[in-house]
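Here is the structure we will look at.
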Amino acid sequence: MTGLKNVRNRRDDALARVGWDQLETMLADYYRGQGWNVDHVGTGGSRTRFDGGIDLKLRKDNEYVLVQCKHWNAKQVTHNAVHELLGIKVNENATGAIVITSGEFTQAAREAATRQGHIQLVDGDSLRAMLGPQLDVLASTQPPPLPKATPYYRKRKEMFAGRRSLLLFGSLMFAALTLYGFFRLTYGFMSRPIDVTLPQRTVLRPQKTPAPYVTPQQPASETTAEAPARTEPAMTDAELEEWKRKNAESMRILEENEEQAAAEAEQ
C-alpha cells in the first residue's frame, strides 16, 4: 500500500479488529436479512486464492448487484477500485455495483462513482450503521482493546530499542574482531616455513661373495719345463770396429763444442 493516503480518522473498535473474511460473512448475512439471494464468491467464503474482484453477488427479482469489500482501516480506497468494479459490472451484465470499506474513500473515488453512475460507495460510517446489531454482539464477545501506550512507556520503549541496537552492534563488532584475530593467527601459522629433515635413503646393494681361489693342480705325470734364458747375439769384428769409430767421432765433436764455447766465453 505504498503511495496511498492515510485515513483522516483511524478507528479502533470492534469492526476494525475483525478479519477481512469475517467482514465478508457479516455483509453476506446482512444482505440476506434484507431479502437478497446472496452468493458469497469472495476468498472468505469460497476459500479460493483469487476472487476475481467480486466478494458478493446479490440477486433479487430482476436486479443483479456486485459487491466488493475493502477492509482498509489505515489507508483510503482510491478510484482504481471504482473503475475495476465498473469493468467487472459491464462484463457480468449486472444492474448495479457496491464498493464497501471499513475506512474512507478518496475524493477522486467519490467523483468517479458520481460520474460513472450505477456504483454505490459505502464508507466506514455507513457500514457501522448498517451492521449495528451485529457489531453490538461482536463487541460483547471480543476482549477489550489494549490501553494505548503512555508517553513514559513510549520513551522507555525507545530507550530499550536504542540499547538493543547498541548491544547488537557491539556483538557484531566483537564477532568481526574475533574472526579477524582467528584469521591472522591461522594465516601466520600456516605461512610459517616448517623445516623437516628427512632421513637419508640408504640403498643396500647385495654384495657378491668372491669364490675362493683354487690353485689348479697339475697332473703328477706332467713336469714343468723351464723357459730358456734369452741371450744377446755376439758382435762381429766389423761391427765392433764400426762402434768404436762412431764413439770416437762423437767424443771428438763434444770436445770441439766445448772448446768453441770456452773461446766465446773468453771473448
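Worth pointing out:
- For the stretch 60-87, residues that are at negative phi, open to solvent by 60 Å² or more (accessible area, probe 1.4 Å) and in a loop (DSSP other than H, G, I, E, B) total 1.
- Checked against the criterion of being β-branched (Val, Ile, Thr), under 24 Å from VAL137 (Cα atoms) and in a helix (DSSP H, G or I), the stretch 102-114 has no qualifying residue.
- Of all residues in the stretch 104-126, those being open to solvent by less than 60 Å² (accessible area, probe 1.4 Å) and either touching an Asp or Glu at 6+ places or on another chain (Cβ under 7 Å) or of a type in the set (Asp, Glu) (or both) number 4.
- Some residue of the stretch 185-197 being modelled with pLDDT of 75 or more and either of a type in the set (Ser, Thr, Tyr) or part of a helix (DSSP H, G or I) (or both): yes
- Residue within the stretch 61-82 that is of a type in the set (Asp, Glu), out of contact with any strand residue (DSSP E or B) (no Cβ under 6 Å at 6 or more places or on another chain) and over 23 Å from ALA129 (Cβ atoms) present: yes
- VAL90 among the hydrophobic types (A, V, I, L, M, F, W, C) and either touching an Asp or Glu at 6+ places or on another chain (Cβ under 6 Å) or open to solvent by 70 Å² or more (accessible area, probe 1.4 Å) (or both): yes
- Any hit, the stretch 37-53, residues being of a type in the set (Ser, Thr, Tyr), surrounded by fewer than 20 Cβ atoms within 10 Å (Cβ to Cβ), part of a helix (DSSP H, G or I) and out of contact with any strand residue (DSSP E or B) (no Cβ under 9 Å at 6 or more places or on another chain): yes
- Filter result (touching a helix residue (DSSP H, G or I) at 6+ places or on another chain (Cβ under 6 Å) and within 11 Å of HIS79 (Cα to Cα)) within the stretch 102-117: ALA108, ALA109, ALA112, ALA113
- Whenever a residue of the stretch 95-117 is within 18 Å of LEU131 (Cβ to Cβ), its partners that are small (Gly, Ala, Ser), lying with C-beta atoms within less than 7 angstrom and at least six residues away or across chains, give the pairs VAL99/ALA81; THR101/GLY124; SER102/ALA16; SER102/GLY124; GLY103/GLY124; GLU104/GLY124.
- Set GLY132, GLY181, GLY124: member being modelled with pLDDT under 85 and under 20 Å from ALA28 (Cβ atoms): GLY132
The values are calculated or read from the model by the stated rules, or taken from the named source; none is laboratory data. As the structure is a prediction and not an experimental result, all values here were calculated from the model. All Cβ positions, even for glycine, are placed from backbone atoms using ideal geometry, and neighbour counts span all protein chains on display. Just so you know, the surface numbers come from the protein's heavy atoms only, side chains and all, with ligands and any DNA or RNA stripped out. Shrake-Rupley method; radii C 1.70, N 1.55, O 1.52, S 1.80 Å.
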